[in-house]
Amino acid sequence: MRITDIQVGRLSLPLAHPFKTALRTVERLEDVVVRVVGENGLVGYGEAPPTAVITGDTIPSILCAIEEYIKPAIAGMDLMDLDAVMERLDGSMVHNTSPKAAVDMALYDLWGRTLGKPLYQLLGGAKTAFETDLTISVNPVDEMVRDALEARGRGFSILKIKVGKDPALDVERIAAIRKAVGPAVKLRVDANQGWTAAESVSIIKAMEDKGLNIELVEQPVAARDFEGLKAVTAQVDTPILADEAVFSPADALHIIETHAADYLNIKLMKTGGIHNALKICEAAKKNGVKCLIGCMLESQIAVAAAAHLCAGQGIITMADLDGPSLCASPLMPGGPVFDGAMITMSGDPGIGIEAVEGAQWQC
């Protein structure tokens, strides 16, 4: 079954609230969408957000990568030789992980549709439903407490708290949220590279001393500061999750072998898609390292692809797939069912999204 065309477009969706981290503030989702067309007439969908502060990708660079490099490299190939297609995709250019991820997930979508099976079943079928957290943006303490209580009221029992912009206030932020939501809610703390190694140890130990019961701390130090990450992991009791430090299977293996972190955060926009993410899962399985599946500011399309990976792989035991919950727009038809904190897989073939509503296609 030959790949006959790859088409790109733009998708713009409002967020329910501004998304604020130690790295950026975003008020609207502005992503590139992809359609991969097969000679059987079926279409697979993908998506890539511009996250320049993390992946280096912008909307112009994503569009250029797909149209000028990726499409010429794989157009006409036989999708049923999936490994060969993915190797050609990965080798079409260096870096540019977000455009690769968009095309990768569209190819997997088309592959699943062609075989008539939900993608998660083809990826292992480990589970049919799981729970995601919800992100609480970094803001003044009272606003973060209000947002956390609102999230709990919506049925979210796991919250990811953004910190890292003001280390002096971060313990106060987490303490206030813990007091407000009570002991039953799981709290994950994400510094988005906002602390030094010394600050990380001090802040995390302060949270431990206060008995705040933090499930994990995500990427406390700069992405490539592997030694700093390892030092933090060694000096605190709270599990450390590597995020921006993990782009490739080689990154994951280095972190595992050096014990630089306790857990790995897999994001398709960092790995270049499902194909490389599966390699990270395999390395994690061999070494008994638990994984979390995360997302950038992505719509239901890319988050659905990540949900299929999560449902397919048992080593992925935690999920941060709240993209659809952060958007103010209605859900698209088809694919996994996003019902508050619960994500339930459907029997739709491929990724399952039936139509990308609101997209402006460049045909």
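Remarks
- All positions within the range 224-275 that are assigned to a loop (DSSP other than H, G, I, E, B), of a type in the set (S, T, Y) and in contact (Cβ under 8 Å) with a residue 60 or more places away in the chain: none
- Scan of the range 6-21 for residues that are more than 22 Å from G46 (Cβ to Cβ) and open to solvent by 20 Å² or more (accessible area, probe 1.4 Å), ordered by number: A16, H17, P18, K20
- Qualifying positions in the range 125-136 - open to solvent by less than 10 Å² (accessible area, probe 1.4 Å) and of a type outside the set (A, V, I, L, M, F, W, C): T132, D133
- Candidates M144, M207 - the one that is without any contact (Cβ under 8 Å) to a residue 60 or more places away in the chain, in a helix (DSSP H, G or I) and more than 25 Å from the chain's Cα centre (by Cα): M207
- So S325, is it touching a Ser or Thr at 6+ places or on another chain (Cβ under 9 Å), closer than 16 Å to A48 by Cβ and among the hydroxyl-bearing types (S, T, Y): no
- In the range 322-339, residue least open to solvent (accessible area, probe 1.4 Å) [restricted to those that are over 17 Å from H308 (Cβ atoms), in contact with a strand residue (DSSP E or B) (Cβ under 9 Å, 6 or more places away or on another chain) and in a loop (DSSP other than H, G, I, E, B)]: S329
- Residues being among the basic types (K, R), surrounded by fewer than 20 Cβ atoms within 10 Å (Cβ to Cβ) and part of a strand (DSSP E or B) - total across the range 156-203: 1
- Residue check for D147: open to solvent by less than 30 Å² (accessible area, probe 1.4 Å) and in contact with a His (Cβ under 9 Å, 6 or more places away or on another chain): yes
Let's see how each residue does on (1) crowded, with 17+ Cβ neighbours inside 10 Å; (2) of a type in the set (G, A, S):
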| residue | (1), (2) |
| --- | --- |
| N40 | no, no |
| V43 | yes, no |
| T51 | yes, no |
| G56 | no, yes |
| S61 | yes, yes |
| C64 | no, no |
| K71 | yes, no |
| G76 | no, yes |
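- Residue-level check: of (1) under 29 Å from E30 (Cβ atoms); (2) part of a helix (DSSP H, G or I), C281 misses just (1).
- Of the set (1) closer than 23 Å to D133 by Cα; (2) among the charged types (D, E, K, R); (3) under 24 Å from the mean Cα position of the chain (by Cα), all apply to D251 but (1).
- From the list T51, T55, T135, the lone residue that is in a loop (DSSP other than H, G, I, E, B) and closer than 30 Å to I177 by Cα is T51.
- Answer from L119, L159 - the residue that is under 24 Å from I351 (Cβ atoms), aliphatic (A, V, I, L, M) and touching a strand residue (DSSP E or B) at 6+ places or on another chain (Cβ under 7 Å): L119
- Qualifying residue in the range 233-248 (condition: surrounded by 21 or more Cβ atoms within 10 Å (Cβ to Cβ), on the phi < 0 side of the Ramachandran plot and among the hydroxyl-bearing types (S, T, Y)): yes
- Entry remark, the range 265-308: residues being surrounded by fewer than 24 Cβ atoms within 10 Å (Cβ to Cβ), of a type in the set (K, R) and within 25 Å of L134 (Cβ to Cβ) number 1 in total.
- Reported count of residues in the range 309-321, each being more than 19 Å from G350 (Cβ to Cβ), open to solvent by 10 Å² or more (accessible area, probe 1.4 Å) and either within 10 Å of the chain's Cα centre (by Cα) or not β-branched (V, I, T) (or both), is 2.
- Scan of the range 24-38 for residues that are closer than 30 Å to E143 by Cα, in contact with a Ser or Thr (Cβ under 9 Å, 6 or more places away or on another chain) and either open to solvent by 10 Å² or more (accessible area, probe 1.4 Å) or free of Cβ contacts under 8 Å to residues at least 12 places away in the same chain (or both), ordered by number: R24, T25, R28, E30
- Of the listed requirements (1) assigned to a loop (DSSP other than H, G, I, E, B); (2) closer than 29 Å to V337 by Cα; (3) hydrophobic (A, V, I, L, M, F, W, C); (4) at pLDDT 95 or above, V221 misses just one: (2).
The values are calculated or read from the model by the stated rules, or taken from the named source; none is laboratory data. On a predicted model such as this, the values are computed, not experimentally measured, just so you know. Note that each Cβ is placed from the backbone with ideal geometry, even for glycine, and that neighbours are counted across all protein chains shown. The area values use the complete protein model at the heavy-atom level, side chains included, leaving out ligands, DNA and RNA. Shrake-Rupley method; radii C 1.70, N 1.55, O 1.52, S 1.80 Å.
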